[in-house]
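The values are calculated or read from the model by the stated rules, or taken from the named source; none is laboratory data. Fair warning: this is a prediction, and the values are worked out from it, not measured in the lab. Cβ: placed from backbone, ideal geometry, glycine included. Neighbour counts: every protein chain shown. In case anyone asks, the SASA skips ligands and DNA or RNA and just uses the protein heavy atoms, side chains included. Shrake-Rupley method; radii C 1.70, N 1.55, O 1.52, S 1.80 Å.
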Amino acid sequence: MPVYEYRCGECKRKFSALIGMVAEPDEEKCPHCGSTSTVKLISRFARFRNEDDRVDELADKLEGMSEPETTSEMRQMMREMGKAMDEDVSDEMEEMFESEMAGELDGDSGE
């Protein structure tokens, strides 16, 4: 069953509705205010890619990049790599960066 998005003409909120394939066209009611003054929106669609496609795209992106110069650039790069691999590594990366920063502040170079 497809999911359609609507915008309410009264309260201006956007909402989604699951509509059966053989369902008769019906006025959708806003779940927030109950108004039937709704407009069907054109939704974006998802393009699903396999892991190889995501890794190839990331490799192409990284080829033209120079090495990250700041920790925020490094964090962003690692987040993108985690997303490409379908792994949320943000918590582990934050711990690593915090440990590294603590070592730099203590005067320890980590070597």
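Heavy-atom accessible area for ARG7, with the other protein chains in place and a 1.4 Å probe, reaches approximately 100 Å². Summing +1 for each Lys or Arg and -1 for each Asp or Glu among the other residues whose beta-carbon sits under 15 angstrom from that of CYS8 gives +2.
What lysines does LYS83 reach when the alpha-carbon gap must be under 25 Å and sequence neighbours fewer than 8 apart in one chain are set aside? Cα-Cα hits under 25 Å: LYS61.
Straight-line cross-link partners of LYS12 among the lysines, defined as a Cα under 26 Å from its Cα and at least 8 positions apart when in the same chain: LYS29, LYS40.
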